[in-house]
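K.L.:
Structure incoming, see below.
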Amino acid sequence: MWVVLVFLGLQVWLRPFQLPTMNVLEVFSLSVILACTNLALVWTADLVRRESVVDWILRILFLSLQGGVALIFAAFLVKLFYGMVPVLVATDPWLKLVAAK
């Protein structure tokens, strides 16, 4: 957990990617990893009884965080891919022929 926190701090401070969107995505994903690690510690410390209401709330929160990151990452990849399609079509002669038909 402490290692993730250190790398999150370095990411926020250094912003190593050229694209601002990549920096935001990395900070968001590291934050969710940190939050999910802390949620997992609640289960391993046996602070919550199995099959209780709190247990189900934690499970739903955990799945929502992980699913949200997966959806945002997939949306970013789709946006990135569709942004590259016109560039590929303009530069590749075979794709120009396919796009013209």
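K.L.:
Just to be sure before I move on: is ARG15 open to solvent by 100 Å² or more (accessible area, probe 1.4 Å) and modelled with pLDDT under 90 in the structure I sent?
P.N.:
no
K.L.:
Which condition number does THR44 fail, the rest of (1) exposed (fewer than 12 other Cβ atoms within 10 Å of the Cβ); (2) at pLDDT 90 or above; (3) among the hydroxyl-bearing types (Ser, Thr, Tyr) being met?
P.N.:
(2)
K.L.:
Given PHE76, PHE28, which one is modelled with pLDDT of 90 or more, aromatic (Phe, Trp, Tyr) and surrounded by 14 or more Cβ atoms within 10 Å (Cβ to Cβ)?
P.N.:
Of the residues listed, the single one that is modelled with pLDDT of 90 or more, aromatic (Phe, Trp, Tyr) and surrounded by 14 or more Cβ atoms within 10 Å (Cβ to Cβ) is PHE28.
K.L.:
Run down VAL48, VAL54, VAL12 and say which single residue is in a loop (DSSP other than H, G, I, E, B) and among the β-branched types (Val, Ile, Thr).
P.N.:
VAL48
The values are calculated or read from the model by the stated rules, or taken from the named source; none is laboratory data. None of these values were measured; they are calculated from a predicted model. Positions of Cβ are backbone-derived with ideal geometry, glycine not excepted, and every protein chain shown enters the neighbour counts. Just so you know, the surface numbers come from the protein's heavy atoms only, side chains and all, with ligands and any DNA or RNA stripped out. Shrake-Rupley method; radii C 1.70, N 1.55, O 1.52, S 1.80 Å.
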